[in-house]
Every structure is written in structure tokens, then in C-alpha cells.
1. Could you give every pair whose Cβ atoms fall below 6 Å, whose first residue belongs to the range 24-42 and is closer than 20 Å to G194 by Cβ, and whose second residue is among the charged types (D, E, K, R) and within 8 Å of ligand 1 (Cβ to nearest atom), counting only separations of at least 6 or pairs across chains?
2. Please work out which residue is farthest from ligand 2 (Cβ to nearest atom), limiting yourself to the range 1-37 and to residues that are hydroxyl-bearing (S, T, Y) and at pLDDT 95 or above.
3. Inside the range 258-279, can you point out the residues that are more than 30 Å from the chain's Cα centre (by Cα) and among the aliphatic types (A, V, I, L, M)?
4. Are any of the residues in the range 198-212 among the β-branched types (V, I, T), part of a helix (DSSP H, G or I) and at pLDDT 95 or above?
5. Of all residues in the range 56-96, how many are assigned to a helix (DSSP H, G or I), more than 10 Å from ligand 1 (Cβ to nearest atom) and either over 23 Å from T234 (Cα atoms) or acidic (D, E) (or both)?
6. For the range 18-37, which residues satisfy the criterion of being outside any loop (DSSP other than H, G, I, E, B), surrounded by 19 or more Cβ atoms within 10 Å (Cβ to Cβ) and within 12 Å of ligand 1 (Cβ to nearest atom)?
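The values are calculated or read from the model by the stated rules, or taken from the named source; none is laboratory data. Being a predicted model, the structure only gives us computed values, none of them experimental. Glycine gets a Cβ as well: all are built from the backbone with ideal geometry, and neighbour counts include every protein chain shown.
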Amino acid sequence: MAGKYLIEPDSEFIKVINQEGGDSLKKCFQCATCSVVCPISPDNKPFPRKEMIAASWGLKDRLVTSHDIWLCHQCGDCSTLCPRGAKPGDVLAAIRAYAIREYATPKFFGELINDPKKLPVLFIIPTIIFIVLGLVTGLLNFKPGGDEIVHSHFFSTWLVDLIFIPLAGWVVAIFALGLKRFIGDIHENALSSGKTKKEKIDPAGFVQALVKIIPTILKHDKFTECTENRERSTSHMMVLYSFIGLFIVTNIFFVVLYVFGIHGPYSQLNPVKWLANIAGVALVIGSAMMIKDRISKTDQVSSYKDWYLLGLVFGLGVTGLTTEMTRLADAAFLSYTFYFIHLIFVFNLFAFLPFSKLAHLVYRTVALTYDEYSERDKKEPAV
Ligand code: SF4
Ligand code: SF4
């Protein structure tokens, strides 16, 4: 006799998925074309057909704890070829957004970041923190003076570190808590649904899988397998590499300052400065390409979360470059103003990273690693 499965539909979940871009769900008649055409769907328990039916039944727990939703990178091939005009790619994107909210605590921040009416609050919070902390410590000087524009004379490096080092700790702690649950959940889900035969997660094996998957992520191999939106890989890679470049630059300047005591501004001939400038330009161009792509793809659902993140990344790049350009043009007031705004963008990007769509960087990496580790499509040896 077939095993019984108790279905506990969550109608609230269906409502949210519908609201957040998954409203084509009801058109699905389970033909499975999407699972066949998806270029990255595995043979063992392919997606996204099973996710379409689970979502329409409101099986929240089954979906949110499945690592399959993270393997999809929304190329749109399945949506284009669906004979019913359903959009599985958008449905999976809506489920991922829901999953990010489920795993990131405190939930209050998730609500804050996903509500367009609260957007001003996201900018007021860092402004107040910067001004209050700056004035209390005396590390914020609204009249820096001097012949040369030096941003740290206005907004001290100590103040930057006083704010951003605890912020980095906050982000790591929230991700650590979320990922602990996430990894446990996806493993349990994979075991119960027959996607893996491995009973336990072996940390050494998991790290090996991570090392194996990194080149795939860096080369965007999965992206280039799709047909419909293949060109998106270029802008996506530009943004990814610019973040990597800026991360390297920030760390080098941090070490140079605290180990060797060398302060900025640095010469434009400095190779690290070149890297910073190239990464900044790539960030602006890559995010502008993404915005253009979203605007032109009228058949693809774009939610507030998508626009919020794109606006933030674009704003981050533009304010960074204008800070630099106005400094070189000797426009002190403008340069200090853009620097202040730039720091607000940086704060927003980092402080709310675990709650925003950008968290996919972390969850997708872990899901891809888990998929590699799980040996999902491994055939049993012939006996
Ligand atoms: S989403 Fe479309 S292609 Fe996929 S199973 Fe449903 S009807 Fe078929
Ligand atoms: S959007 Fe692309 S990757 Fe995602 S399920 Fe559809 S075909 Fe597969």
C-alpha cells in the first residue's frame, strides 16, 4: 500500500506567493514541460513542476526547506515554454523571497525592508546613527577645512570602524543562525524526499563540495546553460566581481591603515586604487544593465524587492564614484555630501543583507554546495 502523506496547506503562504509574483500558479495543469526544458534540473526529483503543485497546495514547509528552489537562477526558459502561460521561474523567485524572510531573524527587519512605505525609515536609521554617534564621540566634523579634501577629516575612519565592524558582526551572526537551521532543514527535506542517501552531513565533505562548486559560481556556468536570459550572466558577473574587488580593496586599505599607519587619500597611480575604480565603474555599469534588462522584460515579474536591491546597488556605485570625482574636482562640499550619502547606502546594503534579496548570494551558494555534496544523481553501482 502506498504511504500516506498528511497535507497541511497554508493558505496565507499561497496568498503571499500570489502577491509577490507567483500569481500564474493557478494556470499550471502539471504537464511537466517546465521540468523537461529546465537546463539545470536534475534527473532525480526534477524541478520546477513539483514546486508548482506544492505551491498551489500551500505546502510551505516542504518548499521553504527544499534546496531546489535555490538551484533555479530564474533564467526564464520554463516560463517561456510553458503551454499554459504559467511562470514557474517567477513562482520559484517568490518562494525564495519567502524563504529568506523565514530564515532571517529578527523578522521585524524583514518586514521593514519589504515594505515600500518604510523605505524612508531605512535611510533615516543610518543618518541618525551617524550623526548621533559622530557628535557624541566628536568623530564627525562638519567643518573639516584644510586645502586638501580628506574624507576622514569629515567622517573619521574611527567612526566608520565604530559603526561598520559591529555591523559586520551582526550580519555574520544573523546568517550563522539562519544557515544553521537552513542546512538542517534542506538535509532533512532531501533525505525524506529521496534526493540523497547520506544520513548525516560530514563537515569535511561539505567543505570539499564548497571548494568544488566555487569555480561554477565564479564562471556562472549555470547561467550560461539557459537560452532565454543568457545575456543576464554578463551584468550579474560584473556586479559579483565588483563586489569581490571592493571587498579586497577595503581589506587592503584596512590593513594598510592599521598595520602600516598609512592614511588615504591614495594616489591614482596606486594599483589598489585602480582596482577600486574599476570595481566601482563595473558596479555602476553592471547594475544599470540589470535595471535596463528588468525594464525591457515586461513579461517577467519584478517586485519591490528586486527594485529595492537594484536601486541600492546602483546608488552605492554612483555615490562612490561621485565622491571620488568631486574630490578630484576639488568640490569639497559636494564630495563630503556624496561621501555621507555613500556611507548610508553602504550601511543599508550591509545591515539588511540577511533580509534582502542579496541574501541569495549566501543561500544559493550553500544550496549548490549541498546539491554537490548530496550526490543526488549518483547511480547505484551495478551488482
Ligand atoms: S508550469 Fe507550465 S510547463 Fe510546468 S507543469 Fe505547469 S503547465 Fe506544465
Ligand atoms: S527559471 Fe530557468 S533555472 Fe529556473 S526552473 Fe525555470 S528553466 Fe529552470
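1. A32/R49; S35/R49
2. Of everything passing the filter in the range 1-37, T33 is farthest from ligand 2 (Cβ to nearest atom).
3. V259, I262, L269
4. Yes, because at least one residue in the range 198-212 is among the β-branched types (V, I, T), part of a helix (DSSP H, G or I) and at pLDDT 95 or above.
5. So the count comes out to 10.
6. Correct list: G22, S24, L25, C34, S35.
Okay, residues lined up against (1) in contact with a strand residue (DSSP E or B) (Cβ under 8 Å, 6 or more places away or on another chain); (2) surrounded by fewer than 21 Cβ atoms within 10 Å (Cβ to Cβ); (3) modelled with pLDDT under 95; (4) part of a helix (DSSP H, G or I):
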site: W307; (1), (2), (3), (4): no, yes, yes, yes
site: F314; (1), (2), (3), (4): no, yes, no, yes
site: Y339; (1), (2), (3), (4): yes, no, no, yes
site: F350; (1), (2), (3), (4): no, yes, yes, yes
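Let's see how each residue does on (1) in contact (Cβ under 8 Å) with a residue 60 or more places away in the chain; (2) among the hydroxyl-bearing types (S, T, Y); (3) exposed (fewer than 13 other Cβ atoms within 10 Å of the Cβ):
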{"residue": "I113", "(1), (2), (3)": "yes, no, no"}
{"residue": "L135", "(1), (2), (3)": "no, no, yes"}
{"residue": "P144", "(1), (2), (3)": "yes, no, no"}
{"residue": "D147", "(1), (2), (3)": "no, no, yes"}
{"residue": "V160", "(1), (2), (3)": "yes, no, no"}
{"residue": "G178", "(1), (2), (3)": "yes, no, no"}
{"residue": "G184", "(1), (2), (3)": "no, no, yes"}
{"residue": "E188", "(1), (2), (3)": "yes, no, yes"}
{"residue": "A204", "(1), (2), (3)": "no, no, yes"}
